[in-house]
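The structure under discussion appears below in the form of C-alpha cells.
The values are calculated or read from the model by the stated rules, or taken from the named source; none is laboratory data. Just so we're clear, the structure is a prediction, and the values are computed from it rather than from any experiment. For neighbour counting, all protein chains shown are included, and Cβ atoms are generated from backbone atoms with ideal geometry for every residue, glycine included. For the accessible areas, the whole protein counts, side chains as well, though only heavy atoms, and no ligand, DNA or RNA atoms are used. Shrake-Rupley method; radii C 1.70, N 1.55, O 1.52, S 1.80 Å.
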Amino acid sequence: MEQIRNIYCVGRNYKLHAEELGNDVPTKPMIFGKPTHSLIEAAGEEIDLPGTRGELHYETELIIHIARPYEAGVTLDQMVDKIALGIDFTLRDVQSELKKKGHPWLLAKGFKNSAILTSFHPFPGLEACLQTDFTLLKNGEQAQRGNIRNVIFDLMTLIQYISEHFRLEKGDIIYTGTPEGVGPVSDGDVLSFMWGDENWGEFTARLR
C-alpha cells in the first residue's frame with residue numbers, strides 16, 4: 001500500500017444513515033480521524049478484527065485520494081487523482097457509550113484494521129461517480145448500496161471544509177461517509193466491494 005499521510009472521515013453525510021441510528025442530521029460536516037496504523041488493504045485475505053468489544057459494524061464508503069495541497073480556486077479534478085472503496089469499521093457499543101459521555105470516538109473508530117480500503121483507481125470525474133453506485137456484498141448478498149449523489153455535503157464542500165479547519169496535502173485521504181444499511185459483521189463473513197459491476201476487492205473478517 002502506498003504512503004498515506006492523514007485519514008479524514010466524515011460522519012453522518014447521508015441523511016438516511018443519520019436517521020437509522022437516531023442521530024440529528026448535521027448542518028455542517030462532522031470530521032474525525034483515524035490513525036494510519038488502522039489502514040489495511042482488502043486484497044482477498046483474512047483480516048483480524050476485534051470480536052470481544054461488542055458489535056462491530058461495517059460502514060461502506062467512497063474514499064478520495066488528495067493529489068495536491070488545497071488552494072482557493074482549484075477544481076475537484078485538480079484535487080482528487082484517485083478513488084477507492086472501503087469500510088470505516090465501528091465498534092458500535094463502544095461508540096454509544098462514548099457518545100453518552102461526550103467523549104471522542106477514537107476507541108470505537110481507530111483500532112487496528114478499522115480502516116479497510118481497496119486498491120486505488122483513477123478518478124473518473126464527478127459525473128461518472130454520480131452515475132455509479134457502490135455496493136458492499138456480505139457473503140454474496142447486498143448489504144449496503146450507495147451513491148454520492150445522496151450525500152449532504154458534496155466532495156468539494158468536504159475538501160474546502162477540511163482544508164479550512166485542518167489541512168489537506170498530497171497523500172491525504174477522505175472517507176466521504178456511509179449510506180444507510182450499516183450492520184454487524186460476524187466471524188468468517190466475506191465482504192466484497194463493487195463499483196458498478198466491477199469487483200474492486202474483498203476480504204474475510206476474522207473476529208478475535
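Things to note:
- Applying the condition of being surrounded by 15 or more Cβ atoms within 10 Å (Cβ to Cβ) and under 20 Å from the mean Cα position of the chain (by Cα) to the stretch 43-54 and asking which residue is farthest from LEU117 (Cα to Cα) yields PRO50.
- For the stretch 181-207, the set of residues classified as surrounded by fewer than 20 Cβ atoms within 10 Å (Cβ to Cβ) and either of a type in the set (Phe, Trp, Tyr) or at pLDDT below 95 (or both) consists of GLY181 only.
- The residues on offer are THR132, THR178, and the sole one that is crowded, with 20+ Cβ neighbours inside 10 Å, assigned to a loop (DSSP other than H, G, I, E, B) and polar (S, T, N, Q) is THR178.
- Whichever residue in the stretch 95-122 is open to solvent by less than 30 Å² (accessible area, probe 1.4 Å) and in a loop (DSSP other than H, G, I, E, B) and, among such residues, is nearest to ILE40 (Cα to Cα): ASN113
- Any hit, the stretch 139-149, residues being farther than 28 Å from PRO69 by Cα, among the charged types (D, E, K, R) and surrounded by fewer than 16 Cβ atoms within 10 Å (Cβ to Cβ): yes
- Complete set of residues in the stretch 1-20 that are assigned to a loop (DSSP other than H, G, I, E, B) and either free of Cβ contacts under 8 Å to residues at least 12 places away in the same chain or exposed (fewer than 15 other Cβ atoms within 10 Å of the Cβ) (or both): MET1, GLU2, GLN3, ARG5
- Selection of the stretch 59-87 for residues being surrounded by fewer than 23 Cβ atoms within 10 Å (Cβ to Cβ) and among the polar types (S, T, N, Q) yields THR75, GLN78.
- Looking only at residues in the stretch 157-167 that are assigned to a helix (DSSP H, G or I), open to solvent by 40 Å² or more (accessible area, probe 1.4 Å) and touching a residue at least 12 places away in the same chain (Cβ under 8 Å), the one that is farthest from TYR14 (Cα to Cα) is HIS165.
- Restricting the first member to the stretch 102-125 and to residues that are touching a residue at least 12 places away in the same chain (Cβ under 8 Å), and the second to residues that are surrounded by 14 or more Cβ atoms within 10 Å (Cβ to Cβ) and part of a loop (DSSP other than H, G, I, E, B), the beta-carbon pairs closer than 7 Å and six or more apart or on different chains are GLY110/PRO35; PHE111/PRO50; SER114/PHE89; ILE116/ALA42; ILE116/PHE89; LEU117/ALA42; THR118/ALA42.
- Filtered residue count, the stretch 56-87, keeping only those that are part of a strand (DSSP E or B) and of a type in the set (Asp, Glu): 2
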